[in-house]
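In what follows, a single structure is set out as structure tokens and then discussed.
The values are calculated or read from the model by the stated rules, or taken from the named source; none is laboratory data. In this text the structure is predicted, and so the values were computed from the model without any measurement. Please note: Cβ atoms are built from the backbone with ideal geometry, for glycine as well, and neighbour counts cover all protein chains shown. Accessible surface is based on the protein model in full, side chains and every heavy atom, while ligands, DNA and RNA are left aside. Shrake-Rupley method; radii C 1.70, N 1.55, O 1.52, S 1.80 Å.
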Amino acid sequence: MKVRQYIGIILVTFLLSVSVTALAEDKVNQKHWAYEQLADFKQSILPLKQNISVTGPITREEWEVVYSTVLSEDNLDNPIHTAHWAILLKMILDPDKGKRAGQMLDMYVYRLSDSSVLLREDAVGGLVKLLTARYISGSWSAEQLEPSRALKDIEDISDRQSTLVQAAFCEGILDSNTSDYFRPKDRLTNAEAVSMLYRVIQKYNIPFSQSIKFPESHWSSSSINNYMLNVKPSGENLVVLSSMIDTSVKSNILDSPVDIQKWNDLLFNTLKLKDSKYEADFLRGYTYGLSNGKHITRDKAAAGLVKLLHAAELVKGRDATNEELQLTALRFVDFEKVFDKSKLAIANSEGLIYGYENKFFHPERMLTNGEAIALIDRVVEKYLIEHSAY
């Protein structure tokens, strides 16, 4: 009897050992829920490393520390450090540009942090606030937020973050591990941070300027590089810019007529005309209103630009002086053919326009993508850098 009991104990012990070993092996072989998103996220941001010192919103040191900590498979379930969350947001959204440097991240990251970590509700609330600057409206009706009632712990979210978390749920940018419960008071982990930001990149089609391919030998290449360096385009502005210069889409894209919508958007984004005291429809009269439906001629583009510089309060509205008219007439033999002599003379006097060989301006030619970027780059150099807009 004792022998049978002894054999039984050995058998049970053996089976338990096999079961535990099998479970351990399954756990080792099982991929983390954020594994695929982590891989895709790394691939998405990889172009940022290519030329990070020129156009990247973060430093190489910041890149290295985030890559070795947040993006390490061994650290996915660890709480993300507040500073690392701020670096990721700066990398992807670049919210603190120009004279406001530091303010947005301070307000929507560091002030919401408890020492070195962030609660999930505060991280999500701050993220949504940053997104309202470029990607989402910032106001939601009760009807729009109704789907978020699916979260069973929605009542546990603090009043100051409740609407923002609900908006994130409805926008589809909460981490993919969140379904029934949001867990607002838990610390945000590296995996959750990566999952949310990858969804943000996908949702709002956020590319990175380093992935744009354009010929280094093109005459406008220096202007493109200069614009990228000074403006560090992101969000909608980067999407517009990449569509104007990416030769992988069209080999001669820089010498092709600029689409009027892209010309309009480039001006509005660079000159920050959305903040102008003038109505958008009125301002579009100087882009769409001067076009032939799809494109815009060189002389009309220059005329519209001068008017928009006034709307952006960068130049004072005026007519060209007789001296400016005479100098421009001497510079361009086809000056008499331009749409608005006064505005072209002002653009010439301000050093914004260039002509072709043999003193021709060719006002009737359509403005090309390369010319459009070179023109707006001169504006940035002359007015916006001086005014600390970037």
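Here are the numbers for the structure shown:
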| quantity | calculated |
| --- | --- |
| Helix 190-203 vs. the chain, principal-axis angle (Cα, 0 to 90°, nearest 10) | 40 degrees |
| Neighbour net charge for L38 - beta-carbon separation under 14 angstrom, K R +1, D E -1 | -4 |
| Estimated dipole of region 63-160 in Debye, rounded to 20 [Cβ of Lys and Arg +1, of Asp and Glu -1, Cα centre] | 600 debye |
| Student exercise, the chain dipole from Lys, Arg, Asp, Glu Cβ charges, in Debye to nearest 20 | 180 debye |
| Residue-averaged 222 nm ellipticity for the chain, from DSSP H runs of 4+ at -39500 (n - 2.57), nearest 500 | -15000 deg cm²/dmol |
| Listed residues T189, S276, A329: farthest to the positive end of the dipole of region 188-339 (Cβ charges) | T189 |
| Highest-first arrangement of 138-144, 353-359, where packing means the average Cβ count within 10 Å | 353-359, 138-144 |
| Exceeding the 19 Å Cα-Cα cut-off - candidates K277/K382; K316/K341; K31/K203; K272/K307 | K277/K382; K31/K203 |
| Relative counts (whole %) of C-alpha pair distances in region 269-321, using bins that are 5 Å wide | 4, 20, 29, 25, 16, 5, 0 |
| Charged-residue dipole, Cβ positions (Lys, Arg, Asp, Glu), region 120-198 about Cα centre, Debye nearest 20 | 240 debye |
| Rounded tilt (10° steps) of 235-245 against the dominant C-alpha axis of the chain | 60 degrees |
| Translational D in µm²/s for region 253-387 (Stokes-Einstein at 4 °C, 1.567 mPa s, Kirkwood Rh from C-alpha pairs) | 87 µm²/s |
| For region 89-248, alpha-carbon Rg and Dmax in angstrom | 18.0, 59 |
| Rounded to 10°, Cα long-axis angle of helix 369-379 versus longest principal axis of the chain | 80 degrees |
| F339 accessible area, assembled protein chains, probe 1.4 Å, Å² | 110 Å² |
| Value of relative contact order over the chain, rounded to a whole percent, pairs C-alpha under 8 Å and six or more apart | 15 percent |
| Isotropic mean projected area of the C-alpha convex hull, the chain (nm²) | 26.7 nm² |
| Charge tally in the Cβ shell below 11 Å around L76, where Lys, Arg are +1 and Asp, Glu are -1, L76 excluded | -3 |
| Residue among I87, S68, S115 farthest towards the positive dipole end of region 68-122, charges placed on Cβ | I87 |
| Dipole axis of the chain (+1 Lys, Arg; -1 Asp, Glu on Cβ), positive-most option in W219, I157, I58 | W219 |
| Mean separation of Cα contacts under 8 Å (6+ apart) over length of region 217-353, as relative contact order % | 18 percent |
| Trypsin sites (Lys or Arg not before Pro) within region 145-181, DSSP loop, no more than 15 other Cβ atoms inside 10 Å | K152 |
| Region 157-305, Cα convex hull volume normalised per residue, Å³ | 174 Å³ |
| Per residue accessible area in Å² of region 125-260, where ligands, DNA and RNA are left out and the probe is 1.4 Å | 44 Å² |
